[in-house]
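Notes follow the structure.
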Amino acid sequence: MIKGSLALLVHRTDRVDQELQDQRSAFTAMEGRVDGAESAISGLRDHGARLAAVERLVWIEVGAAAVLGTLGGWTAGALL
């Protein structure tokens, strides 16, 4: 009877150990997904800063084109 009880206890312990390992694996996988999501979100945070930098460059180029166009027009008018 003691051997049977001990065998049952060992079996239950093995089963609990396996379930615990499964839970640890699931938790580790979930941590990886959360880390990936946080990384994606942090990449979106500086999206506004990058967009503002691009907009600044576009406005600088538009301004430069306007100035050069005006100078070109004056030069063409002076030569004609």
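The values are calculated or read from the model by the stated rules, or taken from the named source; none is laboratory data. Treat the numbers as computed from the prediction; the structure is a model and nothing was measured. So basically every Cβ, Gly included, is an ideal-geometry build from the backbone, and we count neighbours across all protein chains shown. Just so you know, the surface numbers come from the protein's heavy atoms only, side chains and all, with ligands and any DNA or RNA stripped out. Shrake-Rupley method; radii C 1.70, N 1.55, O 1.52, S 1.80 Å.
At 1.4 Å probe radius, can you tell me the per residue accessible area of the chain in Å²?
With all protein chains present, the chain gives 90 Å² per residue.
Considering only protein heavy atoms and a 1.4 Å probe, what is the carbon-and-sulfur percentage of the accessible area of the chain?
With neighbouring chains kept in place, the figure for the chain is 68 percent.
Only helical DSSP H runs with n ≥ 4 go in: add -39500 (n - 2.57) per run for the chain, normalise by residue count and round the 222 nm mean residue ellipticity to 500 deg cm²/dmol. Before the final figure, lay out the partial values.
Working: 2 runs with 77 residues, N = 80.
Roughly -35500 deg cm²/dmol at 222 nm, from the helical runs in the chain.
In a shell of Cβ-Cβ distance under 14 Å around ILE41, excluding ILE41 itself, what net charge do Lys and Arg (+1) and Asp and Glu (-1) give?
Numbers: positive: ARG33, ARG45; negative: ASP35, GLU38, ASP46.
Summing Lys and Arg as +1 and Asp and Glu as -1 gives -1.
Near PHE27, within a Cβ-to-Cβ distance under 15 Å, what is the net charge of the other residues, with Lys and Arg +1 and Asp and Glu -1?
-2
Determine the gain in length on full extension of the stretch VAL54-SER25; use 0.36 nm per residue of separation and subtract their C-alpha separation, reporting nm with one decimal.
Full extension of this stretch gives 6.1 nm more.
Leaving ligands, DNA and RNA out of it, rank LEU6, LEU44 by accessible area with a 1.4 Å probe, largest first. Can you show the working numbers first?
Values: LEU6 100, LEU44 125 Å².
Accessible-area ranking of LEU6, LEU44, largest first: LEU44, LEU6.
Counting Lys and Arg as +1 and Asp and Glu as -1, what is the net charge of the other residues whose Cβ lies under 13 Å from the Cβ of GLY63?
-1
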